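Step one of this worksheet: look at the structure below.
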Amino acid sequence: MCGIIGCAGRADETLDVLLTGLEGLEYRGYDSAGVALSNGDLSVCKREGEIERLQRAVGDASGLDGRVGIGHTRWSTHGPPSDQNAHPHTDCADEVAVVHNGIIENYADIRAELVERGHDFDSDTDSEVVPHLIEDSLAGGKSFEDAFRGAITRLEGSYALAAVSRDSEAILATRQDSPLVLGVGDEAAYLASDVPAFLDYTDRVVYLEDGEFARLESGSWTVSDSEGRLLDKSVAQVEWNAEETAKSGYDHYMLKEIHEQPRALRKCLRSRVDELTGTVDVAALADLNPSAVQFVAAGTSYHASLYGAQLLRDAGVPAQAFLSSEYATARPPVPDDALVVGVSQSGETADTLSALRTVQDSGRGIETLAMTNVVGSTAARECDRELLIRAGPEIGVAATKTFSSQVVAANLLSAAVSPQVDAREVVQALRDLSGQVQELLDSSRAEEVAEQFVDSEGYFFIGRGYHHPVALEGALKMKEITYKHAEGFPAGELKHGPLALVTAETPVFAVVTGDGEKATKTVGNVKEVEARDASVVAVTDGVSDAERYAEEVLEIPETHPRVAPVLANVQLQLVAYHVADKLGRSIDKPRNLAKSVTVE
Ligand code: AGP
């Protein structure tokens, strides 16, 4: 998704800050990028393609400087990727430049009206109406700030917007349903859609709320409401540091983040569980006694939600997981006294926010909980409660460590809302998990398995019970970063259709742990595919006899059945990573995808 960076600082630094910031936003996914700086004149440089192209163009350009500047990475929605459609957009007189994230729903009407009044448009974007609206007001004698505020009153839809003007030393910004955060430095003020964009410069942040306006000048900032009244905003310190958002010697963020799981898992549990008593003590979950739990989430977070719902049902609490993109329109009945949990790594996924808002807007007082990785994210701020998964920054588009931490957080939630028969065992297993993941990372044969199957036509993933979400997640990871066909199924479903696709060219990854009924039945399914000449890769703790029918084995340590899915999933993350690496894919920024999906 699009990214915004802004800096009001020293003239000899601002351009560098913008370019570094754009690199820090790359992980969100983009197809073009640009910057605009103001120094009594307005200079704009923008290019389709990689940020490198923009950097070269900036190097060749003259007069690109100024104390204030804005930059943008664009992920196309209105109009294809091109130099013209890249942001910043300017008005007819090149007086103002604007960057925009989100979608302006009524842009066609505004554009028609502006064209009627003689404005010329350069791009296909919805965003370009904003500089022209500002230009209109400036021509009518308004100040830059009044013109900016006036333009905003015309917009319907979602936006994070920042603007600079040739005649002002300020950046003006506002937001509606799209994130924007200020960075507070000693001599500079920053603005971004996401903290990593300015984390090299400051870790002090101010979160902007919907409808608030920010004004940044060299080293100073103010936030006001829609009426222009100054607000007393608090400055928060983010825990992440610049090192955590660097690759630290790994070839890809994804691999780094896979290897960060032991630490992330420890952090998720720290000061939250008592091993001796098996009790869970999380302030955010105190006094929760819901009649039912509904999870809303997308992608990987949805898979963690499927796991969470199963966990709660097994603990006797009615629970369901919904795809957030369906929830707002399907409007499933929400029981009185239910808890609705939005699971979102970023806390900014538009579908998930929209699902949560349907609940919040129902007026029924249904409690909402954000299970998220990002302090101060929109979900965290809008929900009644927030359960931080504490995985640390995840830059790779493919979610890895956050899935594992979501699974652990789901266990904390389950323990908080329902007494567990085997609480001590579970807590012990959760505490041991970090070491077991490390053991697995040190010994995994995933790269050899990837080598063997890199040329396969497609991949199937099967599992039952808690391993069903793992099968789905294994397939999502594989297709997302290798661009090859992959499907995940509950193991028993294979014979109801997908089996027709199983051939010698389609390896089947079967997740089987323990020797209970589910394992026995899954081994039965393994035999079915083996009989059709498919290669089976057993992801197993070796307790059942799945290995007998498998061509390859990815071992996982024996543990509590609830915890085993995390271990199995780490093996599948590694397989997907190595297949993608061998195919030379863009692992951290897969084509067409974005880290934070801020449009519905
Ligand atoms: C998974 O690898 C993807 N990046 C994607 O499915 C992601 O999990 C989904 O977009 C939800 O994101 P969220 O957790 O930030 O809400």
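Miscellaneous remarks
- Protein heavy-atom accessible surface, 1.4 Å probe, per residue over the chain: 38 Å².
- Remark: for residue pairs Lys477/Lys521; Lys479/Lys527; Lys401/Lys527; Lys256/Lys589; Lys233/Lys595, the C-alpha separation exceeds 23 Å in Lys477/Lys521; Lys479/Lys527; Lys401/Lys527; Lys233/Lys595.
- Principal-axis tilt of helix 564-582 within the chain, Cα atoms, nearest 10 degrees: 60
- Carbon + sulfur, % of accessible area of the stretch 279-428 - ligands and nucleic acids excluded, 1.4 Å: 48
- Heavy-atom accessible area, probed at 1.4 angstrom with all protein chains present, ranks Ser82, Ser178 as Ser82, Ser178, highest first.
- Rounded tilt (10° steps) of 299-314 against the dominant C-alpha axis of the chain: 50
- Pairwise Cα distances in the stretch 542-600 exceed 14 Å for 70 percent of all pairs.
- Model label zone, Lys142; criterion: amide N under 11 Å from point 7 Å along Cα-to-beta-carbon; scope the stretch 153-192: 153-155
- Dipole size of the stretch 146-305 about its Cα centre, with +1 on Lys/Arg Cβ and -1 on Asp/Glu Cβ: approximately 300 debye, rounded to the nearest 20.
- Our coupling estimate for the stretch 156-166, obtained by passing each phi through the Karplus curve with A = 6.51, B = -1.76, C = 1.60 and θ = phi - 60°, is 10, x, 10, 7, 10, 10, 9, 9, 10, 10, 4 Hz, Gly and Pro reported as x.
- Solvent-accessible surface of protein heavy atoms, probed at 1.4 angstrom with all chains present, puts His496, His89 in the order His496, His89, largest first.
- Tyr201 accessible area, assembled protein chains, probe 1.4 Å, Å²: 90
- 3J(HN,Hα) along the stretch 340-348, derived from phi through the Karplus expression 6.51 cos²θ - 1.76 cosθ + 1.60 where θ = phi - 60°, amounts to 10, 10, x, 9, 7, 3, 6, x, 10 Hz, with x in place of Gly and Pro.
- Rounded to the nearest 10 square angstrom, Asp533 shows an accessible area of 110 square angstrom against a 1.4 Å probe.
- Amide H contacts of Val296 (H built 1.01 Å from N, in plane; Pro and chain starts excluded): Phe322, Val341, Gly342, Val343 sit under 5 Å, all sequence-distant by 5 or more or on other chains.
- Compared with the alpha-carbon gap, the fully stretched path from Arg56 to Ala531 is longer by 165.3 nm at 0.36 nm per residue.
- Accessible-area value, Lys589, 1.4 Å probe, nucleic acids and ligands omitted, Å²: 70
- For the chain, a Kirkwood hydrodynamic radius built from all Cα pairs, placed in the Stokes-Einstein relation at 4 °C and 1.567 mPa s, yields a translational diffusion coefficient of 52 µm²/s.
- Portion, in percent, of the accessible area of the stretch 489-600 that falls on carbon or sulfur, probe 1.4 Å: 44
- Since only Ser143, Ser123, Ala163 are under comparison, the one whose Cα sits farthest along the positive direction of the charge dipole of the stretch 119-190, derived from C-beta charges on Lys, Arg, Asp and Glu, is Ser143.
- Linear extension gain, Arg204 paired with Glu187, 0.36 nm per residue minus alpha-carbon span: 4.8 nm
- Computed extension length for Val115-Arg331: 73.7 nm, one decimal, from 0.36 nm per residue of separation with the Cα-Cα distance subtracted.
- Using the alpha-carbon positions of the stretch 529-569, Rg (one decimal) and Dmax (whole number) come out as 11.0, 32 Å.
- Rh by Kirkwood over Cα pairs, then Stokes-Einstein D for the stretch 293-430 at 0.890 mPa s and 25 °C, µm²/s: 166
- Using the Cβ-Cβ distance between Glu451 and His496 with R0 set to 35 Å, the FRET efficiency works out to roughly 0.60.
- Placing unit charges on each Cβ (+1 for Lys and Arg, -1 for Asp and Glu) gives the stretch 415-534 a dipole about its Cα centre, and among Ala416, Ala491, Val437 the Cα reaching farthest toward its positive end belongs to Ala416.
- Acute angle (nearest 10 degrees) that the helix 144-153 long axis makes with the longest principal axis of the chain, alpha-carbon atoms: 50
The values are calculated or read from the model by the stated rules, or taken from the named source; none is laboratory data. From a predicted model like this one, the values you see are computed outputs, not experimental measurements. Cβ: placed from backbone, ideal geometry, glycine included. Neighbour counts: every protein chain shown. Only protein heavy atoms, including side chains, enter the accessible area calculation; ligands, DNA and RNA are left aside. Shrake-Rupley method; radii C 1.70, N 1.55, O 1.52, S 1.80 Å.
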